[in-house]
Amino acid sequence: MNKAKGLLKGNLKQSSLLIALVAIIIFFQIVTKGVLLKPMNVSNIVFQNAYVVILAVGMLLCILTGGNIDLSVGSVVALVSAFAGEMIIEWKWNVYVSIFLCLLLGILVGMWQGFWIAYVRIPPFIVTLSGMLVFRGATLLVLNGLTLAPFPDNYLRFSTGFIAKASKIELLGVNVNIVCLIAGVAIALIFCITQIISNLNRKRKGYETESPLMLGFKLVIISTALIYFFTLLAQYQGIPTVLVILGILLLVYSFFTTKTVIGRHLYALGGNEKAARLSGVKTKNLMFFAYVNMSFLAAVAGLVFAARLNSASPVTGDGFELDAIGACFIGGASAYGGVGTVGGTLIGALIMGMLNNGMSILGLSSNLQRVVKGLVLLGAVALDVISKMNLDLLHRHKKVTAVTEKG
């Protein structure tokens, strides 16, 4: 009985973020009188929050290294979008060449910051704070304080277009995108199969696994949510192109953090840098990689966001670093490093996105929205710190009890 209770408690703890997300969706669906989950608004939520998910995934790797953050990502987003605007709109360069050069710019920015952080050992806070100022100033110099617009259609389609937009049929009296519906069912099936295989592999290796009842419950809930989500998209224009980009990034980074040696080393670095270094982990190279990767993803986010606005503006990226950091900590990343998942970060980004969208529909001012998001972020980090303190106290109590019993 105690084992069953402990397993149930662990499952509930793992699912707490998902429960919180569902509660927020239900709340705003009620108070907005159904506007939140209208097909067009669901599609808008995807477009509006794509950059948050992209930045949050990169920020997660920085946080894993020891609770470090990158304050410069908003300025890097602005700089990349500014160069995209200059090359594509002003200089009429080839779109593909311009995208490649913008991504290369992001990598170079990351190498610059990663060098000072990893090899000169300047604290990340100082280096990225400097970067926030330098790259914002460089953006203003590139644009000369002006906004460039519009981008050509062959650039916009990469992040504001739809997959198989014309594939619509009438189903139960409603016009739906059949490709989107099939994709939703296929993704739900693939998710169920991979989860079952993963559970069986863990059981074969002797690891703790979910009970068949809990696993079945989780699969039914998440599969239903996925199919419902794609059904809503199908009733509008279908699958947004940027959703495909997000899906690829999430799969790649989820595999990287859980299945590769470098990914495991990132967790080891955040857990105890000295122990990781003595174990043969190249901690400096890992730190360098984390910040190069962060700037690369900031460049991707810059390209996506520029297409979303259909312009390159000097104020682009203002406050983006706070959204990314908030998504990571709300999604379960530890302020001490070494703890966090891509899936949790995605849920954290969705929570931030639902809060933004729901409060905007209600007509709340941007100032009040910042207050709410700040309190949510503080609560998430406070919960992490308090949980760690309670865990430390429990371990100390067990040690004292063991010593007493031996005595």
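Out of the residues in segment 133-175 meeting the condition of being at pLDDT below 90, among the β-branched types (V, I, T) and over 19 Å from S311 (Cβ atoms), tell me which one is surrounded by the most Cβ atoms within 10 Å (Cβ to Cβ).
I163
Considering every residue within segment 356-366, establish whether at least one is surrounded by 11 or more Cβ atoms within 10 Å (Cβ to Cβ), touching an Asp or Glu at 6+ places or on another chain (Cβ under 9 Å) and modelled with pLDDT of 85 or more.
Looking through segment 356-366, at least one residue is surrounded by 11 or more Cβ atoms within 10 Å (Cβ to Cβ), touching an Asp or Glu at 6+ places or on another chain (Cβ under 9 Å) and modelled with pLDDT of 85 or more.
When segment 306-330 is examined, which residues are found to be more than 19 Å from L61 (Cα to Cα) and either surrounded by fewer than 24 Cβ atoms within 10 Å (Cβ to Cβ) or at pLDDT below 90 (or both)? So that I can check it myself, show each step before the final result.
In the first step, residues of segment 306-330 are kept if they are more than 19 Å from L61 (Cα to Cα); the result is 306-319.
Once the filter is applied, which keeps residues that are more than 19 Å from L61 (Cα to Cα) and either surrounded by fewer than 24 Cβ atoms within 10 Å (Cβ to Cβ) or at pLDDT below 90 (or both), segment 306-330 yields A307, R308, L309, N310, S311, S313, P314, V315, D318, G319.
Just one of the numbered conditions (1) within 18 Å of I351 (Cα to Cα); (2) surrounded by 24 or more Cβ atoms within 10 Å (Cβ to Cβ); (3) in contact with a Leu (Cβ under 8 Å, 6 or more places away or on another chain) is not true of L61; which one?
(1)
Of all residues being modelled with pLDDT of 95 or more and of a type in the set (S, T, N, Q) in segment 64-93, which is surrounded by the most Cβ atoms within 10 Å (Cβ to Cβ)? Just the residue, please.
S81
Given the conditions (1) under 30 Å from K284 (Cα atoms); (2) under 21 Å from the mean Cα position of the chain (by Cα); (3) not polar (S, T, N, Q), which single one is not true for W112?
Here W112 clears every test but (2).
Among the residues of segment 331-346, write down those that are part of a helix (DSSP H, G or I), crowded, with 19+ Cβ neighbours inside 10 Å and out of contact with any Cys (no Cβ under 9 Å at 6 or more places or on another chain). Working first, answer last.
The initial filter retains those residues of segment 331-346 that are part of a helix (DSSP H, G or I), namely 342-346.
Narrowing further to those that are crowded, with 19+ Cβ neighbours inside 10 Å: 342, 344-346.
If the condition is that a residue be part of a helix (DSSP H, G or I), crowded, with 19+ Cβ neighbours inside 10 Å and out of contact with any Cys (no Cβ under 9 Å at 6 or more places or on another chain), then V342, L346 are the ones that fit.
If I go through segment 150-172 residue by residue, how many of them are aliphatic (A, V, I, L, M) and within 28 Å of the chain's Cα centre (by Cα)? Don't jump to the end; show me each part of the working.
To start, the set of residues in segment 150-172 that are aliphatic (A, V, I, L, M) comprises 156, 163-164, 166, 169, 171-172.
Okay, now just the ones that are also within 28 Å of the chain's Cα centre (by Cα), so 156, 163-164.
Selection size over segment 150-172: 3.
Please go through segment 373-407 and pick out each residue that is in contact with a helix residue (DSSP H, G or I) (Cβ under 9 Å, 6 or more places away or on another chain) and either among the small types (G, A, S) or at pLDDT 85 or above (or both).
Filtering segment 373-407 for residues in contact with a helix residue (DSSP H, G or I) (Cβ under 9 Å, 6 or more places away or on another chain) gives 373-374, 376-377, 379-381, 384.
G374, G379, A380, listed by residue number.
Does G173 meet the test of being more than 26 Å from D70 (Cα to Cα), free of Cβ contacts under 8 Å to residues at least 60 places away in the same chain, of a type outside the set (D, E) and out of contact with any helix residue (DSSP H, G or I) (no Cβ under 6 Å at 6 or more places or on another chain)? Lay out the reasoning, then the answer.
On the way: more than 26 Å from D70 (Cα to Cα): yes; free of Cβ contacts under 8 Å to residues at least 60 places away in the same chain: yes; of a type outside the set (D, E): yes; out of contact with any helix residue (DSSP H, G or I) (no Cβ under 6 Å at 6 or more places or on another chain): yes.
Here the answer is yes, as G173 does meet what is asked.
If I ask for residues that are without any contact (Cβ under 8 Å) to a residue 12 or more places away in the chain and hydroxyl-bearing (S, T, Y), which ones from segment 277-307 would you list?
S279
Of all residues in segment 24-80, which are touching a strand residue (DSSP E or B) at 6+ places or on another chain (Cβ under 7 Å) and more than 22 Å from V252 (Cα to Cα)?
Pass one, segment 24-80, residues touching a strand residue (DSSP E or B) at 6+ places or on another chain (Cβ under 7 Å): 43, 46-47.
If the condition is that a residue be touching a strand residue (DSSP E or B) at 6+ places or on another chain (Cβ under 7 Å) and more than 22 Å from V252 (Cα to Cα), then S43 is the only one that fits.
Could you name every one of the helices (runs of 4 or more DSSP H) located completely within segment 78-182 that has at least 1 residues being among the basic types (K, R)? First the steps, then the outcome.
Working: elements: 95-114, 124-143, 153-160.
Filter on segment 78-182 gives 124-143, 153-160.
List the pairs whose first member sits in segment 69-87 and is touching a residue at least 24 places away in the same chain (Cβ under 8 Å) and closer than 19 Å to S159 by Cα, whose second member is among the β-branched types (V, I, T) and crowded, with 24+ Cβ neighbours inside 10 Å, and whose Cβ atoms are under 7 Å apart, counting only residues at least 6 apart or on separate chains?
V76/V109; V77/T316; A78/T139; A78/T316; L79/T139; S81/T316; A82/T139
Output the residues belonging to segment 329-355 that are among the aromatic types (F, W, Y) and within 21 Å of H265 (Cβ to Cβ). Even if it seems obvious, please write down each step before you answer.
First, pick out the residues of segment 329-355 that are among the aromatic types (F, W, Y): 329, 336.
Hit for segment 329-355 is Y336, nothing else.
Out of all the residues in segment 347-373, which are under 10 Å from A327 (Cβ atoms) and of a type in the set (G, A, S)?
Passing the criteria: G348, A349, G353.
In segment 245-285, what residues are loosely packed, with under 15 Cβ neighbours inside 10 Å, aliphatic (A, V, I, L, M) and either under 19 Å from the mean Cα position of the chain (by Cα) or farther than 27 Å from N68 by Cβ (or both)?
Passing the criteria: I248, L251, V252.
Is it fair to say R264 is assigned to a helix (DSSP H, G or I) and touching an Asp or Glu at 6+ places or on another chain (Cβ under 9 Å)?
So R264 fails the test.
The values are calculated or read from the model by the stated rules, or taken from the named source; none is laboratory data. The shown structure was predicted, so the numbers you read here are calculated from the model rather than taken from an experiment. Glycine also receives a Cβ, built like all others from the backbone with ideal geometry; neighbour counts cover every protein chain displayed.
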